[in-house]
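For reference, the structure discussed in these notes is given below.
The values are calculated or read from the model by the stated rules, or taken from the named source; none is laboratory data. Quick caveat: nothing in here was measured; it's all calculated off a predicted structure. Here Cβ is always computed from backbone atoms with ideal geometry, including for glycine, and neighbour counts include all displayed protein chains. Note: accessible area is taken over every heavy atom of the protein model, side chains too, but ligands, DNA and RNA are not part of it. Shrake-Rupley method; radii C 1.70, N 1.55, O 1.52, S 1.80 Å.
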Amino acid sequence: MAQPTKPTQPTQIPIQSKRSIHSKIPAAPTSTYPDEHWMKEAIKEAKIAESKGEVPIGAVVVYGDTIIGRGHNLRESALDGTAHAEMIAIREASTHLQAWRLLHCRLYVTLEPCPMCAGAIVQSRIHHVIYGATDPKAGCAGTLMNLLQEPRFNHTAQVTSHVLETQCGELLTNFFRDLRDKRKQQQGK
């Protein structure tokens, strides 16, 4: 049995088109805003999730300087284990572009993608993933493993981590602290 490897820091791997269809899709204009600008938009989505009693995770898909997909966790209210912020944002972006390939898009998400979301990112051909807080329990963009840059897959994504990490992490820390406090109060009654 193979020994587990230590998590590695995300690195950037250049994206290379493997099919002729890629060359027919025009590249997005370069963004004129820094990553922090877009991460603040993902944080807004996370706060919407929190207002609904959901775990505060938010995501946006950006093409050039335009948000084409937004999402926040809806697992509890939708009773759907796949209703993660990234999945919802990817679906909305695909609908916006009328394409499943999100080749020149960037995904900003407040928490490192899980295995399911990392798989959807690879399948959607998202060019670049930028996340805030690491996920020591399910992170698949470099913490537990790196599915986004797995060289055996037919697509890899660039990864940038720790963007507004403190703000993103505090949303989750505060949410779960408040949840524990509510449970203690209910048990004390």
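Residue check, Tyr33 against (1) open to solvent by 50 Å² or more (accessible area, probe 1.4 Å); (2) at pLDDT 95 or above; (3) outside any loop (DSSP other than H, G, I, E, B), all met but one. Which one?
For Tyr33, the failing item is (3).
Which residues, counting only those in segment 96-118, are assigned to a helix (DSSP H, G or I) and surrounded by fewer than 24 Cβ atoms within 10 Å (Cβ to Cβ)?
The answer is His96, Leu97, Pro115, Met116.
Picking from Ile121, Ile126, Ile130, which residue would you name as being in a helix (DSSP H, G or I), open to solvent by less than 10 Å² (accessible area, probe 1.4 Å) and of a type in the set (Val, Ile, Thr)? Full working, then the answer.
Values: Ile126 fails: in a helix (DSSP H, G or I); Ile130 fails: in a helix (DSSP H, G or I).
Within the list Ile121, Ile126, Ile130, the selection yields Ile121.
Name the one entry in Cys140, Cys168 that is touching a Ser or Thr at 6+ places or on another chain (Cβ under 7 Å) and among the hydrophobic types (A, V, I, L, M, F, W, C). Break it down into steps so the answer makes sense when it comes.
Working: Cys140 fails: touching a Ser or Thr at 6+ places or on another chain (Cβ under 7 Å).
Only one candidate qualifies: Cys168.
Of all residues in segment 48-84, which are in contact (Cβ under 8 Å) with a residue 60 or more places away in the chain and in contact with a Gly (Cβ under 7 Å, 6 or more places away or on another chain)?
Val61
I'd like the full set of residues that are in a strand (DSSP E or B) and either more than 13 Å from the chain's Cα centre (by Cα) or buried (at least 20 other Cβ atoms within 10 Å of the Cβ) (or both), limited to segment 133-158.
Those that are in a strand (DSSP E or B) and either more than 13 Å from the chain's Cα centre (by Cα) or buried (at least 20 other Cβ atoms within 10 Å of the Cβ) (or both): Ala133, Ala141, Asn146.
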